[in-house]
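Okay, so here's the structure we're looking at.
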Amino acid sequence: MRSAELKNAVPTRAKAGTTRAIAELMDLTGRRALVTGGAGHIGLVVGEALVELGAGVAVLDLDRAACEAR
C-alpha cells in the first residue's frame, strides 16, 4: 500500500452515527459506570456516551467546581 493510499484509508474523525452503531452492539441498561476526570473533555464525552447506552453514571474529578459546572 502506498503512503497516499494509507493516508486516505485512516479516518481523521468519527463517522456520524458511531454511537448508534455501538448502541446496537452494547446495552448498558441497568449497569453502573464511574467516570474519573469527568470535568475534562474526554471524561465528559465518555460519560455522555455511557448514558446514551443506558448506564447510570457517576462522574468524579479533582476539580469539584468544574465537575459540577458540567
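Details
- Phi to ³J(HN,Hα) by Karplus 6.51 cos²θ - 1.76 cosθ + 1.60 over region 33-43, Hz, x for Gly, Pro: 9, 10, 10, 8, x, x, 7, x, 5, 5, x
- Here r is the Cβ-Cβ distance between Ala66 and Arg31 and R0 is 22 Å; the resulting FRET efficiency, rounded to 0.05, is 0.25.
- Net charge contributed by nearby residues that have their C-beta within less than 9 Å of Gly54 (K/R +1, D/E -1): -1
Taken together, the values in this text are just the output of simple stated rules run on the coordinates, not laboratory data. For clarity, every value in this text was computed on a predicted model and none was experimentally measured. We place every Cβ from the backbone using ideal geometry, glycine too, and count neighbours over all the protein chains shown.
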